[in-house]
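For reference, the structure is listed below as structure tokens.
The values are calculated or read from the model by the stated rules, or taken from the named source; none is laboratory data. Keep in mind that what you see is a predicted model, and the values were worked out from it rather than measured. Counting neighbours? That spans all protein chains shown, and the Cβs are built from the backbone with ideal geometry, glycine included.
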């Protein structure tokens, strides 16, 4: 398993399994999120993504294996204080202001950061000017950023985010993506559960694809982009050299020129993360 260089693991699961009677939700998952690393979790519905996150949060007990948060047993009081969580379908009271939402979560988390922490978090997510605005008056993008701010209450080193950009327009997704990159720059680890493969490809250091409770593919977006050959445009048209890679381009061009062809363009073709995902899950719907 590839692991990014850096500090100790923020999340580590080994042989993680969960069964509900005859139903296997997780069938022995190994996964690691290093300090300051942003890992994307992909998979169709029923693949086990939510179960893995619930075990990490301490909401569900595993049937076998182990899950640790910063070296602490998942579900323990200390482990819970070391992570922040944003559910996909979160709801804040519409009448509460952004500042009041964070103050409530400070009390729930036992944070003593007070007004200074709330100001810093609202500044971080770009809501400093909206601290007194009611949630019901905020756009979906603003509420999403407020949700990330509440997950950061108490300065946890690990964030578990479930579909943080699914309901946003392109501008909103870019704003959240920029925020995630800022968090990574601050050394905060993120496990991002999302169906938006393009977002995962743009922002994540590594990607893990789950299918039927097991990790079937894992690696950086670049590692998961498989070569599909070299396409060369000549005066006779476009030719595809299947199986060829970047290192083959000079030889292919030289051979074509020697054969009297004029070369206009050479392109190395690679599969996208979407191609790799569809191949891994066999066309199962998300």
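Candidates are the residues of segment 160-201 that are at pLDDT 85 or above and assigned to a loop (DSSP other than H, G, I, E, B); the one that is farthest from residue 35 (Cα to Cα) is 186.
Looking at this structure, is residue 64 over 24 Å from residue 195 (Cβ atoms) and either within 16 Å of the chain's Cα centre (by Cα) or at pLDDT 95 or above (or both)? Considered against the rule, which asks whether it is over 24 Å from residue 195 (Cβ atoms) and either within 16 Å of the chain's Cα centre (by Cα) or at pLDDT 95 or above (or both), residue 64 comes out as yes.
Determine, yes or no, whether residue 224 is within 20 Å of residue 280 (Cβ to Cβ), outside any strand (DSSP E or B) and in contact (Cβ under 8 Å) with a residue 12 or more places away in the chain. Yes: the conditions hold for residue 224. When restricted to residues that are farther than 30 Å from residue 40 by Cα and surrounded by fewer than 12 Cβ atoms within 10 Å (Cβ to Cβ), segment 219-241 contains 4.
In summary, strands (runs of 3 or more DSSP E) completely within segment 16-75 and bearing 2 or more residues that are assigned by TED's automatic domain parsing to the domain that holds residue 209 and touching a residue at least 60 places away in the same chain (Cβ under 8 Å) occur at 23-34, 38-42.
Within segment 242-278, being in contact with a helix residue (DSSP H, G or I) (Cβ under 6 Å, 6 or more places away or on another chain) and surrounded by fewer than 16 Cβ atoms within 10 Å (Cβ to Cβ) holds for 263, 268, 274. All conditions in (1) over 12 Å from the mean Cα position of the chain (by Cα); (2) assigned by TED's automatic domain parsing to the domain that holds residue 32; (3) in a helix (DSSP H, G or I) hold for residue 251, with the sole exception of (2). Going by what's in this entry, would residue 255 be described as over 30 Å from residue 32 (Cα atoms) and touching a residue at least 12 places away in the same chain (Cβ under 8 Å)? Judged against the criteria, residue 255 is not a match. Residues that are more than 21 Å from residue 82 (Cβ to Cβ), outside any loop (DSSP other than H, G, I, E, B) and in contact with a helix residue (DSSP H, G or I) (Cβ under 8 Å, 6 or more places away or on another chain) within segment 94-106 comprise 97, 98, 99, 101, 103, listed in sequence order.
Residues are listed down the side, and each one gets a yes or a no for (1) in contact (Cβ under 8 Å) with a residue 60 or more places away in the chain; (2) surrounded by 22 or more Cβ atoms within 10 Å (Cβ to Cβ); (3) touching a helix residue (DSSP H, G or I) at 6+ places or on another chain (Cβ under 8 Å):
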residue: 174; (1), (2), (3): no, no, no
residue: 201; (1), (2), (3): yes, no, yes
residue: 206; (1), (2), (3): yes, yes, no
residue: 210; (1), (2), (3): yes, yes, yes
residue: 217; (1), (2), (3): yes, no, yes
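When segment 107-127 is filtered for residues that are part of a helix (DSSP H, G or I) and surrounded by 13 or more Cβ atoms within 10 Å (Cβ to Cβ), the ones remaining, listed by number, are 109, 117, 118, 119, 120, 121, 122, 123, 124.
Screening residue 182 against (1) closer than 30 Å to residue 269 by Cβ; (2) surrounded by fewer than 19 Cβ atoms within 10 Å (Cβ to Cβ) leaves a single unmet condition, (1). When segment 76-93 is filtered for residues that are in a helix (DSSP H, G or I) and either within 20 Å of residue 193 (Cβ to Cβ) or outside the structural domain of residue 168 (by TED's automatic domain parsing) (or both), the ones remaining, listed by number, are 79, 80.
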